[in-house]
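Q: Pasting in a structure now, in structure tokens, and then I'll have a few things to ask.
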Amino acid sequence: MLIRFVAAALLVLPTPLLAQALTPAETARIDAIVAKSLADTGVPSASIAVVRGDRIVLAKAYGKQSETRAVADAKAPYQIASISKQFTAAAILLLQDERKLSLDDTVSQYVPGITDGDKITIRQLLSHTSGLQDYWPQDYSFKAMATPVTPQQIVDRWAKKPLDFAPGTQWQYSNTGYVVAGLIVEKVAGMPLLAFLQQRIFTPLDIKAIDQDLAIGPNYPSGYKRFALGPVRVETPAAHGWLFAAGELSMSAADLAKWDVARLTRSVLPAADWRLQETPVKLADGSTNGYGLGVSTGASGGHRYIEHSGEAVGFLSENVVFPDDHVAIVVLTNSWFSDAFQRITKGITAIVLPAAPTDTADTAALARARTVFAQLRRGTLDRTQLTEDARFYFTPTALTDYRASLAKLGVPTSFEQVGKTRLRGGFVNRTYRATYPSQTLAISTYALPGADGAFEQYLVAPAQ
């Protein structure tokens, strides 16, 4: 069960842009992206939804959903797998609102027999920092998954092993922790987890969600598998019970998008609960990887996001919300052998999100950095572009080595700034990456402030 995405800054959009529906041209581009991704990868089908301006502006299905469904149906429920975790976490938060439990309660207060259960908190279950061993790290159905299982049986087999680390000291994805969290919901609420979610979240939002164990048969999308580059085959579902609380839900892309709209508008849950779910949990040493309570957070290309992906038997999915842009994207696919769900998400994101604002100083500096790089390849460095210290550094030997080693690489396929511009020691520091088919170089620069500031440093080194 998967997690994704990267980092950068924030963006606030003017209201008119937020209100825009998709244009026919944008919809056509999305259609083309989905069609190409399915054709390139062999993935049978995809179902997508797009939210823009806090409303669903597109919900559409493509391809073959099963051997018996001739026409793709946008209302068909796909297994969303680990995207379900944010719903389990929301159930915990609602129970905390009612003072029936606390995130800082230990699990031993609710589920007995778990290793160090008197040291593990509910918060650590939801943030994958409990130390409980994950019962399903594989990207295939292991032998036991052919036999039905109960949540307690999962707990007995995996949650009573020695911990992988002391609670709160590391981050490690653990479906086991969410099974325990689901049991806590059921004990405290006095009803099945799915019934609680139905009552408190799904009915108010008009979401049709079912247990993924029941979303099997001729009326539902089938999962598909592929061995290496062999033929695409129908996948055999796991036996009942294996995704309880950790990946239990099936729903359409549009229904999942309704939840995303609720996140954007801060409805159904109190605003404080949404904020708490989206706040990265810190480890004992103060570090964090951005994961909150059932969701991953970060920024990419100047856009802040809340995200989670999912992997069920024969299904892969992605759900990403851009809160500052009032945009959300849902992509559900019925295979687990390809990155089509990521390709589609990336392609749609490029269409529906505006480009991040360009820093004109960085743009001008990038052009100057490329020029100096080309000069170093040719051995014709313009020394007027250098400070006294940089001229001292670029001795004849240095220039010879730069030219000899860079010239043979030719022109890079891409040359781009990486990371943020910063000030240090009175200079402006920028880092660049030059990419070749079989080589990547890192360029570290310091320059005097100003549009034509001379370079104090221009160092080139190999990069991963």
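Q: Is one or more of the residues making up the range 349-371 within 18 Å of the chain's Cα centre (by Cα) and exposed (fewer than 15 other Cβ atoms within 10 Å of the Cβ)?
A: Scanning the range 349-371, I find at least one residue that is within 18 Å of the chain's Cα centre (by Cα) and exposed (fewer than 15 other Cβ atoms within 10 Å of the Cβ), so the answer is yes.
Q: Any idea which of (1) in contact (Cβ under 8 Å) with a residue 60 or more places away in the chain; (2) under 23 Å from Pro151 (Cβ atoms); (3) buried (at least 18 other Cβ atoms within 10 Å of the Cβ) is the one Ser222 doesn't satisfy?
A: Among (1) in contact (Cβ under 8 Å) with a residue 60 or more places away in the chain; (2) under 23 Å from Pro151 (Cβ atoms); (3) buried (at least 18 other Cβ atoms within 10 Å of the Cβ), the lone unmet condition for Ser222 is (2).
Q: Among the residues of the range 313-325, is any in contact (Cβ under 8 Å) with a residue 12 or more places away in the chain and hydroxyl-bearing (Ser, Thr, Tyr)?
A: yes
Q: Search the range 306-358 for residues being modelled with pLDDT under 95 and of a type in the set (Gly, Ala, Ser), and hand back the single one that is nearest to Lys75 (Cα to Cα).
A: Looking at the filtered set, the residue picked out is Ser338.
Q: Which of the residues spanning the range 421-453 are in a loop (DSSP other than H, G, I, E, B) and either touching an Asp or Glu at 6+ places or on another chain (Cβ under 9 Å) or at positive phi (or both)?
A: Those that are in a loop (DSSP other than H, G, I, E, B) and either touching an Asp or Glu at 6+ places or on another chain (Cβ under 9 Å) or at positive phi (or both): Gly425, Gly426, Leu448, Gly450.
Q: Here is a follow-up. For Ser444, indicate whether it is over 26 Å from the mean Cα position of the chain (by Cα), small (Gly, Ala, Ser), closer than 18 Å to Gln375 by Cα and surrounded by fewer than 17 Cβ atoms within 10 Å (Cβ to Cβ).
A: Spelling it out, Ser444 is indeed over 26 Å from the mean Cα position of the chain (by Cα), small (Gly, Ala, Ser), closer than 18 Å to Gln375 by Cα and surrounded by fewer than 17 Cβ atoms within 10 Å (Cβ to Cβ).
Q: Further, regarding this structure: Give the residue that is farthest from Arg378 (Cα to Cα), with candidates limited to residues of the range 415-441 that are surrounded by 10 or more Cβ atoms within 10 Å (Cβ to Cβ) and of a type in the set (S, T, N, Q).
A: That would be Thr421.
Q: Restricting the first residue to the range 50-77 and requiring it to be assigned by TED's automatic domain parsing to the domain that holds Asn219, which pairs with a second residue that is of a type in the set (Asp, Glu) meet a Cβ separation below 6 Å and a spacing of at least six or different chains?
A: These pairs meet every condition: Val51/Asp260; Ala61/Asp73.
Q: In this structure, does Arg275 turn out to be at pLDDT 95 or above and in contact with a Pro (Cβ under 8 Å, 6 or more places away or on another chain)?
A: So Arg275 does not fit the description; no.
Q: If you don't mind, there's one more thing I want to ask. Just checking, which of Leu264, Leu243 is surrounded by fewer than 24 Cβ atoms within 10 Å (Cβ to Cβ), hydrophobic (A, V, I, L, M, F, W, C) and assigned by TED's automatic domain parsing to the domain that holds Tyr62?
A: The match here is Leu264.
Q: Output the number of residues of the range 63-85 satisfying the condition of being surrounded by fewer than 20 Cβ atoms within 10 Å (Cβ to Cβ) and under 20 Å from Lys258 (Cα atoms).
A: Number satisfying all stated conditions: 3.
Q: Quick test of your reading of the structure: Glu311 fulfils all but one of (1) in contact with a helix residue (DSSP H, G or I) (Cβ under 7 Å, 6 or more places away or on another chain); (2) charged (D, E, K, R); (3) closer than 16 Å to Ile351 by Cα. Name the failing condition by number.
A: Just one mismatch for Glu311, condition (3).
The values are calculated or read from the model by the stated rules, or taken from the named source; none is laboratory data. Computed from a prediction, not measured in an experiment: that's the story for all the values here. Counting neighbours? That spans all protein chains shown, and the Cβs are built from the backbone with ideal geometry, glycine included.
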